[in-house]
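The values are calculated or read from the model by the stated rules, or taken from the named source; none is laboratory data. Every value quoted in this text rests on a predicted model; they were computed, and no experiment measured them. These accessible areas exclude ligands, DNA and RNA; they are computed on the full protein's heavy atoms, side chains included. Shrake-Rupley method; radii C 1.70, N 1.55, O 1.52, S 1.80 Å.
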Amino acid sequence: MKLSAKSILAIMLVLLSVAIAISTASSAKEKTVMINKSTPILHVKAVEPSIKFWTERFGFKVTIQVPEGDHIGFAALENGSIELMFQTYVGMKGDANSPLAKAADQGPSFIFMEVPNINAVIDALKGAEIIQGLHETPYGAKEVVAKEPGGHFVIFSQLPKQAAQ
(Lines give C-alpha, C1' and ligand atoms only; values in the text may rest on other atoms or scores of the structure.)
Protein backbone atom coordinates (compact mmCIF):
# COMPACT_ATOMS: atom_id res chain seq x y z
CA MET A 1 0.00 0.00 0.00
CA LYS A 2 1.45 3.30 -1.07
CA LEU A 3 0.43 6.50 0.72
CA SER A 4 0.23 9.84 -0.99
CA ALA A 5 2.18 12.83 0.27
CA LYS A 6 -1.13 14.37 1.41
CA SER A 7 -1.99 11.28 3.47
CA ILE A 8 1.46 11.20 5.05
CA LEU A 9 1.19 14.91 5.88
CA ALA A 10 -2.28 14.40 7.43
CA ILE A 11 -1.03 11.51 9.56
CA MET A 12 1.97 13.56 10.72
CA LEU A 13 -0.29 16.48 11.66
CA VAL A 14 -2.56 14.18 13.69
CA LEU A 15 0.42 12.64 15.49
CA LEU A 16 1.88 16.08 16.18
CA SER A 17 -1.48 17.27 17.57
CA VAL A 18 -1.71 14.24 19.85
CA ALA A 19 1.86 14.78 21.09
CA ILE A 20 1.15 18.45 21.84
CA ALA A 21 -2.08 17.58 23.66
CA ILE A 22 -0.32 14.96 25.81
CA SER A 23 2.55 17.35 26.56
CA THR A 24 0.17 20.19 27.51
CA ALA A 25 -1.96 17.94 29.73
CA SER A 26 1.14 16.55 31.41
CA SER A 27 2.66 19.97 32.16
CA ALA A 28 -0.69 21.34 33.41
CA LYS A 29 -1.05 18.35 35.74
CA GLU A 30 2.43 18.91 37.15
CA LYS A 31 1.55 22.52 38.06
CA THR A 32 -1.81 21.72 39.66
CA VAL A 33 -2.14 21.07 43.38
CA MET A 34 -5.11 18.81 43.95
CA ILE A 35 -7.56 19.67 46.71
CA ASN A 36 -10.23 17.09 47.42
CA LYS A 37 -12.45 19.13 49.70
CA SER A 38 -12.63 22.35 51.67
CA THR A 39 -14.57 22.57 54.92
CA PRO A 40 -14.82 25.65 57.15
CA ILE A 41 -14.32 25.17 60.87
CA LEU A 42 -16.50 27.74 62.58
CA HIS A 43 -15.80 28.64 66.21
CA VAL A 44 -18.77 29.20 68.46
CA LYS A 45 -19.64 29.61 72.14
CA ALA A 46 -21.96 26.60 71.96
CA VAL A 47 -22.19 23.99 69.17
CA GLU A 48 -25.76 22.80 69.86
CA PRO A 49 -27.62 25.91 68.54
CA SER A 50 -25.69 25.76 65.27
CA ILE A 51 -26.46 22.05 64.89
CA LYS A 52 -30.15 22.77 65.35
CA PHE A 53 -30.08 25.67 62.87
CA TRP A 54 -28.48 23.65 60.05
CA THR A 55 -30.25 20.32 60.63
CA GLU A 56 -33.77 21.68 61.09
CA ARG A 57 -33.69 24.40 58.44
CA PHE A 58 -31.49 22.91 55.73
CA GLY A 59 -31.48 19.14 56.25
CA PHE A 60 -27.86 18.73 57.34
CA LYS A 61 -26.94 15.53 59.19
CA VAL A 62 -24.45 15.31 62.06
CA THR A 63 -21.56 13.05 61.00
CA ILE A 64 -19.14 13.65 63.89
CA GLN A 65 -19.87 14.73 67.44
CA VAL A 66 -17.22 15.08 70.13
CA PRO A 67 -18.21 15.71 73.76
CA GLU A 68 -16.64 18.43 75.87
CA GLY A 69 -17.72 17.95 79.46
CA ASP A 70 -21.53 18.12 79.57
CA HIS A 71 -21.96 19.58 76.08
CA ILE A 72 -20.76 19.09 72.51
CA GLY A 73 -17.30 20.52 71.85
CA PHE A 74 -17.02 19.72 68.16
CA ALA A 75 -19.40 18.60 65.42
CA ALA A 76 -19.28 18.04 61.69
CA LEU A 77 -22.45 18.41 59.64
CA GLU A 78 -23.01 17.34 56.08
CA ASN A 79 -25.59 17.81 53.36
CA GLY A 80 -24.50 16.23 50.09
CA SER A 81 -21.11 17.65 49.18
CA ILE A 82 -21.42 20.54 51.67
CA GLU A 83 -19.78 20.11 55.05
CA LEU A 84 -19.55 22.50 58.01
CA MET A 85 -17.60 21.98 61.22
CA PHE A 86 -18.24 23.72 64.53
CA GLN A 87 -15.89 23.86 67.50
CA THR A 88 -16.24 25.71 70.78
CA TYR A 89 -13.87 28.56 71.60
CA VAL A 90 -13.01 26.68 74.80
CA GLY A 91 -12.08 23.57 72.84
CA MET A 92 -9.87 25.59 70.53
CA LYS A 93 -7.96 27.02 73.48
CA GLY A 94 -7.37 23.53 74.89
CA ASP A 95 -3.87 23.62 73.39
CA ALA A 96 -2.59 27.01 74.53
CA ASN A 97 0.60 26.50 72.50
CA SER A 98 -1.36 26.24 69.27
CA PRO A 99 -0.82 29.26 67.00
CA LEU A 100 -4.50 28.96 66.06
CA ALA A 101 -5.84 29.32 69.63
CA LYS A 102 -5.69 33.15 69.54
CA ALA A 103 -6.88 33.41 65.93
CA ALA A 104 -10.23 31.78 66.73
CA ASP A 105 -11.28 34.85 68.74
CA GLN A 106 -10.84 37.31 65.90
CA GLY A 107 -14.38 37.48 64.74
CA PRO A 108 -17.17 35.89 62.81
CA SER A 109 -16.70 34.16 59.48
CA PHE A 110 -18.57 34.91 56.29
CA ILE A 111 -19.86 31.87 54.41
CA PHE A 112 -21.02 32.19 50.80
CA MET A 113 -23.49 29.49 49.76
CA GLU A 114 -24.77 29.18 46.24
CA VAL A 115 -28.39 28.01 46.21
CA PRO A 116 -30.76 26.95 43.42
CA ASN A 117 -33.88 28.61 44.86
CA ILE A 118 -33.58 31.74 47.02
CA ASN A 119 -37.29 31.68 47.89
CA ALA A 120 -36.97 28.21 49.46
CA VAL A 121 -34.06 29.51 51.53
CA ILE A 122 -36.08 32.53 52.67
CA ASP A 123 -38.86 30.17 53.78
CA ALA A 124 -36.34 28.03 55.68
CA LEU A 125 -34.97 31.14 57.41
CA LYS A 126 -38.30 32.20 58.96
CA GLY A 127 -37.59 33.18 62.57
CA ALA A 128 -33.82 33.38 62.00
CA GLU A 129 -31.81 36.59 62.37
CA ILE A 130 -31.80 38.23 58.94
CA ILE A 131 -29.00 40.76 58.47
CA GLN A 132 -29.90 41.78 54.93
CA GLY A 133 -33.18 40.85 53.31
CA LEU A 134 -33.66 39.73 49.74
CA HIS A 135 -31.73 41.98 47.39
CA GLU A 136 -30.18 41.88 43.95
CA THR A 137 -26.44 42.35 43.62
CA PRO A 138 -24.66 44.34 40.90
CA TYR A 139 -23.69 41.00 39.29
CA GLY A 140 -27.34 39.93 39.09
CA ALA A 141 -27.54 37.45 41.97
CA LYS A 142 -30.51 37.35 44.35
CA GLU A 143 -29.19 37.16 47.90
CA VAL A 144 -30.22 37.13 51.52
CA VAL A 145 -27.82 37.31 54.47
CA ALA A 146 -28.54 35.62 57.79
CA LYS A 147 -26.63 35.28 61.04
CA GLU A 148 -26.48 31.72 62.25
CA PRO A 149 -26.63 31.07 66.03
CA GLY A 150 -22.82 30.91 66.37
CA GLY A 151 -22.56 34.50 65.13
CA HIS A 152 -21.32 33.72 61.61
CA PHE A 153 -22.77 35.47 58.57
CA VAL A 154 -24.18 33.29 55.81
CA ILE A 155 -24.72 34.78 52.38
CA PHE A 156 -27.22 32.66 50.45
CA SER A 157 -26.96 33.50 46.76
CA GLN A 158 -28.99 32.43 43.74
CA LEU A 159 -26.68 33.32 40.88
CA PRO A 160 -28.05 34.47 37.54
CA LYS A 161 -28.54 31.65 35.02
CA GLN A 162 -25.56 32.53 32.81
CA ALA A 163 -23.17 32.87 35.82
CA ALA A 164 -24.33 29.63 37.42
CA GLN A 165 -23.48 27.63 34.29
Kirkwood hydrodynamic radius (C-alpha pairs) into Stokes-Einstein, region 61-165, 20 °C and 1.002 mPa s, D in µm²/s: 135 µm²/s
Within the set LYS37/LYS61; LYS52/LYS147; LYS37/LYS126; LYS45/LYS102; LYS45/LYS147, which residue pairs have Cα atoms separated by over 21 Å? LYS37/LYS126
Accessible area of HIS135 in the full protein assembly, 1.4 Å probe (Å², nearest 10): 40 Å²
How do THR137, THR63 rank by accessible surface area computed with a 1.4 Å probe, from largest to smallest? THR63, THR137
